[in-house]
Structures are given as structure tokens and as C-alpha cells.
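Data first, discussion second: the structure below is written as C-alpha cells.
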2 protein chains.
Amino acid sequence: MFPVKELDLRATEVYPGTQAVARAIALLKAFNDAQPEWTLNDLAQATGLNKTTAFRLLSALEAERLVMRNPLSGGYRLGVELIAMGSAAMRANPLRAMSRPVLVTLAEQTGEAATLEVLVEDYVLVIDEAPGSNPMGMTQDVGHRLPVHATATGKILLAALPEAELAQRLAEPLLALTDRTITDPEQLRSELARVRQEGLAIAVGELEPGFTAVAAAVQDRERQVVAAISIGGPSVRLTPERLPAVAAMVQMSARQISRQLGYWPG
Amino acid sequence: MFPVKELDLRATEVYPGTQAVARAIALLKAFNDAQPEWTLNDLAQATGLNKTTAFRLLSALEAERLVMRNPLSGGYRLGVELIAMGSAAMRANPLRAMSRPVLVTLAEQTGEAATLEVLVEDYVLVIDEAPGSNPMGMTQDVGHRLPVHATATGKILLAALPEAELAQRLAEPLLALTDRTITDPEQLRSELARVRQEGLAIAVGELEPGFTAVAAAVQDRERQVVAAISIGGPSVRLTPERLPAVAAMVQMSARQISRQLGYWPG
DNA sequence: GTATTATAAATCATAATATGAAACGACTAC
DNA sequence: GTAGTCGTTTCATATTATGATTTATAATAC
């Protein structure tokens, strides 16, 4: 379905003269849903920074409101300025702007939630979501990071990676989120082969029990897979009988967005 | 209604050893809805940075995905990592977490959209929104920056500022967004006096024509005004006859959140 | 086709800036 | 009372960021 680029492992060379900025960003990236608040010491330890350095960088981030202190505990949290920046980043994202109408239509046609996701570092990031018309689809998932190996979109994006990078990722253990999550690298490899051939990925109860998703690839003018779109909903509604029809709609929508990006099939 | 703290102009002293980080953040802050994409030169000029320095900092930000390049134009845009961080910042915000149930109830009771907003630098930032039950309330405003002088929430937050800081802000020209926007500093001052006394702010068609909002203050255990909540909707629904009842509900909700923060009336 | 302009990227000597060890002060636990 | 933990400040040091200049690249004009 889509070609796989070979050997592109981008040089992770750090640009000289950017140590302080890189470190500040590392501090920001330490915050997540599992640990939204950090003490200075823990954060310094987690990022491998000297306590003084972490303190100084955090002070700078705090002055700009990218980080805030909990007045009671003194702990650090992400600040309000990031909410504004994130929202601006969302609105400025060209891929999102292009996909939005298609995504909304897809959600209407299927009645299920449609998402647009991209690969960011180790995770799949939801950059847009059109809610399904049915209730119980009110999950506001935009901005969430999801594991690549347990999502339909993640499989699509993994399937398009050059072999070298894929191997690197499969070297890490695959976390079982449900009893249906694929945790065996070899099994995932053959799944990805199927995805590549069919241009379609499915995940039934692999992310969370009772949740099914179907995804397809969005490609740009250079035929690069730049994103994946999906339809997701309760497995009781997205039944094996209904899936083929939904999948076809997802694929059509993905092709529609790809065409807007200058992709030309054939 | 609520006391005004005197003379607190926080020292804008820059912490030594944080120049690079401060500059990098300044670059990020340059991006907004009006100008979501920048060329290197323009951005360097706008931030007052040397072109080389701007380039180097942007490279660091790009490597961490806080900034991305438009492959066609080569221009800089905010990157996807900020979407993830902003979303995490939202979920980690304690004020938002506390207010959410109250906000949802308020929106249900009134049928109009309820928001939670804080003062960030020159703007009011929407950090949460519970949609109204009526259609035409589907504005997803979270993350948006709104002008202080033309919003009900902004007036609430301005009214609580120490005189010195207020004077500083009123020195800047007040932009007219509609023909009803208050642009005269003295008029705004007397409006703020009224807001202070009544503990309530109203804006009818001051932000955009046909949009009305009512806001009240959220105070913490030290009686500091830390946020404002509001109900907003079309002026044809939020009529002068209906406003007092809605205002009372907004005030009750604000007090409810304040109490959760440890505020004790009296 | 060459010249011109604008913009981005690379180079590198310089010193300004970030760094981290050490010390301090404020709490808390025992 | 003592020891331990945590955040903050100080300060000498050299590592790291800086920016003038150069080179590369692309777009536009002539």
C-alpha cells in the first residue's frame, strides 16, 4: 500500500550552543498525567540535572508562566502559559486545519468519534478529534499521548517507518494495556506487514477493553506517511459486521486529506 | 466586595543565568493567531534577537518539536509537542480540576456556556469551558486569550489589582472591539469601582456585538482573586430581565469554588 | 543568461553567561 | 537537641552562548 523509506535515522546531533534551552525543555517534558507535580529534587534527579541548574531553569520557566508552583506544597506544575501556547499550536497546525472538515464529515457519517494523530517521539499524539453523534463518545482526547503498538493509528504510523527505526522501537518492551494488546515484537511485525499490504489498521480491545478503532494513513506529496486518521468507539457498536464499511469510509477520508496535501495515487 | 492589595508590582528582575531560556520563550510567545508563521528574519526582528541567535534557539526548539517548519515556505510554526504539553498543563491545573463540576452545573442550570478564566500578562486566559445546552454555544474557547477591558471576567480581575498595577495597565490604549467597548480609562475606572462594590461584572456587546457575559470572582484562602468565572451567550437570550437571576447563579458558583480553595466569607 | 536581492545556514573568536560545588536557612522527624 | 530533607543563595570557574562575518541557497529582476 505505501512504501517504506530505508535508513533515515536522523542524526540526533545536538546543535551547539543550546544546552540550556534543551535542558529547560527536558524539564517541561518530565511532567505528565502520572506525575503532574514534582519536587525540585525529584525533578533534578529525573532529568539528571544539577539541583541548582534545575532550580535556575525552573525559575526562568516560572517567570514566564510555563511552570507554576503549588502554593501549598511548593511543588512544580506546568503553567497556564502552556495552555495558551498549546491552543495556539493547535490552531496553527496546517494538517489539522486541512483535515478538520473531512474529519467532521467522517464522524457524522459513522456516528463515531474521528481522530487525527501523528507520531511524536515514542507516542502517538492526538491532534484533532471530531466527536461522534452518539453519546458516550464525549472523550476529549486532543493532546493525549497514546502508545503506538496498542492503537490502530500507531500501527499505521509504525508500518511506514524505515526498518532501522522500527527495529529500534521494537527493541523496547511492548507494554500490555489489556489482555489483547500485542506484546510480542514478532507478532507485531507480521501485523505491520498486513497493515502495510492492506493500508488499514484495526485495534480491537488492544488499548482498552471494549474499545475498537480503525485507522488509515495520510500521505503527503512525497508519499510520506505524515499522519493517521481513525474512527473509534465501543466494540459493541463497531462490530465485525460493521467494520468493513467503516474501514472503507476511513480509507476514503484519508485519501481525501492526502490529496489535499498534494498526494497523487498510482 | 473584595479588598484590593496595594503596591505589589513584582520585581521583574531577570534571574541571572537564564538569558537563553528567556529568549527561547520570547520566541515561542511571538506566535499567535494573527501571525502563526514567521520567517527567521521577521522573528529575529520582532523579538530583538540577533538573527544567528534566533536561528540557533529555534533549531533547539525544532529538535524538541516545540516548533516546526513549513516544508513549503520554510517558515516557523508552533510544533506538535506544545499541543501535548498544553493539554497536560490543562489537566494538571488544580484550579481547573476544582472548578470543573461547579462550572458544568452552572452551564446546565443556565443553559449557557460557562468559563473559568485567569489573568496572564496582558490578557485574560480561558482555562476551562463547559458548553451550554443550547446550540450556537459550541465555541471551543479554552486556551484563547481575551482582552481584559472588554470582557466581564477581565473587569473582575482588573478590579482586584493593586492601584499601581492597574494604573500601569490603563496607561496602554484600550482597543475598541465593538462600538460598546469601554475605551476611556476614566470610564473604565468607574466601572471597576462598581464591579468592586457589587462583586459582579457584566459586559454587553463589548467584546463582540450581540454577546453578553456576566462574571464573578474566585478567591483563595488569602482572599486573593485568583480567577473569574462567567456565563456568556447571545444577548437575545441573556436579556436585561434574565441577567439578575443568571448573575446570582454565577456569584453562587464563584463562592462555591472559592470555599473549596479555603476562602471563608465574612 | 547574469545580476541582484533576500533569506537561511555555517564559521569562529570572544567573553558573557550558564554552571555546579558548597554553604545557608527553614522545616520536619525522631 | 540532633540529624535529615528540601529549597534557595552565593560565587569562582570555564563552558557555553553569542553575534559579526562569511558562505550557501533560492527567488526575482533584468
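The values are calculated or read from the model by the stated rules, or taken from the named source; none is laboratory data. Nothing here was measured: the structure is a model prediction, and the numbers come from that model. Counting neighbours? That spans all protein chains shown, and the Cβs are built from the backbone with ideal geometry, glycine included. Just the protein is used for accessible areas: all its heavy atoms, side chains included, with ligands, DNA and RNA removed. Shrake-Rupley method; radii C 1.70, N 1.55, O 1.52, S 1.80 Å.
A few notes on this one:
- The distance between label points at B:SER133 and B:ALA171 comes to 4.9 nm (points 7 Å beyond Cα on the Cα→Cβ vector).
- Ligands, DNA and RNA are left out, and with a 1.4 angstrom probe the accessible area of the protein assembly as shown is 47 Å² per residue.
- Shape of the protein assembly as shown, Cα gyration tensor, a/c cut at 1.5: prolate
- The fraction of accessible area contributed by carbon and sulfur in region B:93-260 is 55 percent, rounded to a whole number (1.4 Å probe; ligands and nucleic acids excluded).
- Mean Cα-pair separation over length for region A:19-85, i.e. relative contact order, pairs under 8 Å, 6 or more apart, %: 30
- When the Cα positions of B:ALA254, B:GLY232, B:THR183 are compared along the charge dipole of region B:180-266, B:ALA254 comes out farthest toward the positive end, with charges on each C-beta of Lys, Arg, Asp and Glu.
- Helical segments meeting 15 Å axial Cα length and Kyte-Doolittle -0.5 threshold in chain B (DSSP H): B:19-30, B:51-63, B:80-92, B:94-110, B:243-260
- When you count the other C-beta atoms within 10 angstrom of each residue and take the mean per peptide, A:204-214, A:43-53 line up highest first as A:204-214, A:43-53.
- Under a Gaussian network description of chain A, with springs only between Cα atoms under 10 Å, the residue in A:ALA22, A:ALA107, A:ALA130 that fluctuates furthest is A:ALA22.
- Placing dummy labels 7 Å off each Cα toward the beta-carbon, the span from B:ASP141 to B:GLU222 is 2.9 nm.
- Distances from A:ASN50 to itself in the other copies, using label points 7 Å out along the Cα-Cβ axis, amount to 2.4 nm in increasing order.
- Taking region B:25-52 and a reference point 7 angstrom along Cα→Cβ of B:GLN19, the backbone N atoms nearer than 12 Å belong to B:50.
- In nanometers and ordered shortest first, the copy-to-copy spacing of the A:SER190 label point, defined 7 Å from Cα toward Cβ, is 8.2.
- Placing a label point 7 Å from Cα along the Cα-to-Cβ axis, B:ALA248 is separated from the same position in the other copies by 5.9 nm, shortest listed first.
- In this label model, B:LEU72 and B:ASP122 are separated by 3.0 nm, measuring between points 7 Å along each Cα→Cβ vector.
- The residue list A:ALA164, A:ILE127, A:ALA150 was ranked by how far each Cα lies along the charge dipole of region A:93-260 toward its positive end, using unit charges on Cβ atoms, and A:ILE127 comes out on top.
- Relative contact order (%) - criterion: Cα under 8 Å, at least six apart; region: chain B: 17
- Think of each Lys and Arg Cβ as +1 and each Asp and Glu Cβ as -1; about the Cα centre, that makes the dipole of chain B roughly 560 debye.
- Efficiency of FRET from Cβ geometry, A:ASN41 and A:GLN197, R₀ 56 Å, rounded to 0.05: 0.65
- Over all other residues within a Cβ to Cβ distance under 12 Å of A:GLY154, the charged ones net out to -1, with Lys and Arg as +1 and Asp and Glu as -1.
- What sits nearest the axis between copies B and A, counting only chain B Cβ atoms, is the residue and whole-Å distance B:GLY86, 1.
- Ligands, DNA and RNA left out, the 1.4 Å accessible surface of region A:19-85 is 49% carbon and sulfur atoms.
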